[in-house]
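> Sharing a structure, written as C-alpha cells. Questions coming.
Quick note: the coordinates plus some simple rules give every number you see, no bench work behind them. Bear in mind that the values here come from a model prediction, so they are computed numbers and not experimental data. FYI the Cβ positions are ideal-geometry reconstructions off the backbone, even for glycines, and counts take in every protein chain you see.
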Amino acid sequence: MSQKIPRPKLDELIACDAKHACPPNTKEGNCVTLMAVGDLPTRFGEYQVAAFWNDIDKKEHAAFIRGDVTGKEDVPVRLHSECLTGDVAGSLRCDCRDQLEESLTHIGTLDHGVVLYLRQEGRGIGFNNKIRAYQLQDEGLDTVEANLALGFSDDERDYAIAAHMLQALQVKSIRLMTNNPKKIEALKTHGVVVSGRIPIEILANAHNKRYLSTKKNKSGHLLEQGFE
Ligand SMILES: [Zn+2]
Ligand SMILES: [Zn+2]
C-alpha cells in the first residue's frame, strides 16, 4: 500500500487567491491567479496539478505539486520551461525531457515539492523562432549565436510569473533544482527566497554535446562534466 500523502489545502488557496489583485501598476505589472487543482497520479508518483491564469502572456501555466507545500520553507522546486520537441517527441538536441523526468522522479521520492511548468517555449522566444534557431544551428551556429542572429538575447525567459505562482501556493522559501545561477538571481529579484540549490546533471549525448557545452562555457551553468 502506498503511503497517504498529506494534501495541500489547495481549495482554500484557490478561494483566497481569487480575491487577491495586484495593483495594475506594480513593477512587473502582472497578476497570476491559481484557478483549479486536480489529483494527478503519474509514473513518477502521486502529484496534484494546478492551473494558473495570468495577465502577462495570457498563457495557462501549470504546477505539479507533491504533498503539502503551503506555508513551508526550503521546498524543493524545479522550474521547467516548456520544450515541445523535448518534452513530447523526446528530442536529443537538448536535455529538457531528461531534466523534467529527473525532477519529477526526484520530487516523487520526497514528502513534498513542486515542478512549475512554464509555457515559455524556446527560452521564451516561442516555438516558431525556436525552430528558426534550429535551422541556423543546422548551418553551424551555436544556441547563443542563433538566438542573437534572430534578434533575441541568449535567454528571454521571465520568472515574474514563476515567482507569483510560488506566492499563490504560499511557499515560503525554496531549494531550487538547477545548474543555472542566473535562474536563482532572477527569482530573487522577483522576491523569491532561495535557501539552497539542488544540482541536476544530465550526461551529454552525441546530439546535445554542443548544446550542453555552450550552456557550461558560454551561459555559466554549473555542470560537473567536462567538454572539449
Ligand atoms: Zn497578483
Ligand atoms: Zn529542449
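> Going by how many other Cβ atoms sit within 10 Å of their own, how do Val171, Val194 line up, fewest first? Don't skip to the answer; put the middle values down first.
On the way: Val171 23, Val194 17.
Going from least to most buried by this count: Val194, Val171.
> Could you list, bin by bin from short to long, the percent of Cα-Cα pairs of the stretch 70-119 in 10 Å steps?
P(r) for the stretch 70-119, in whole percents per bin: 26, 48, 21, 5.
> Same structure again: Could you derive backbone 3J(HN,Hα) for the stretch 160-167 from the dihedral phi with the Karplus parameters 6.51, -1.76 and 1.60 (θ = phi - 60°), listing whole Hz in sequence and x where the residue is Gly or Pro?
Each residue of the stretch 160-167 in turn: 4, 5, 4, 4, 5, 5, 5, 5 Hz.
> Let me ask you something else. For the chain, compute Rh as the Kirkwood radius over C-alpha pairs and then the Stokes-Einstein diffusion coefficient at 4 °C and 1.567 mPa s; write the answer in µm²/s, rounded to an integer. Each step should come with its number before you reach the end.
Values: Rh = 18.4 Å.
Rounded to a whole number, D works out at 71 µm²/s.
> Rounded to whole Å and ordered largest first, report the semi-axes of the equivalent ellipsoid of the stretch 135-178 derived from its Cα gyration tensor (root of 5λ).
Gyration-tensor ellipsoid for the stretch 135-178: 34, 11, 7 Å.
> Ok, one more. In degrees between 0 and 90, to the nearest 10, how far off the longest principal axis of the chain does helix 10-19 point, with axes built from Cα atoms?
Tilt of helix 10-19: around 90 degrees.
> Could you grab the Rg to Rh ratio for the stretch 155-228? Cα atoms only, Kirkwood for Rh.
For the stretch 155-228, the value is 1.04.
> Could you give the alpha-carbon Rg of the stretch 39-160 over 2.2 N^0.38 Å, rounded to two decimals?
Working: Rg = 16.0 Å, N = 122, 2.2 N^0.38 = 13.7 Å.
Scaled against compact globular proteins, the figure is 1.17.
> When the helices in the chain are scored as -39500 (n - 2.57) per DSSP H run of 4 or longer and the sum is shared across all residues, what 222 nm value do you end up with, to the nearest 500 deg cm²/dmol?
Per the formula, -9000 deg cm²/dmol.
> Still on this structure, I have one more. Cα convex hull of the stretch 110-159: mean projected area in nm², to one decimal?
Values: hull surface 17.9 nm².
Convex hull of Cα atoms, orientation-averaged projection: 4.5 nm².
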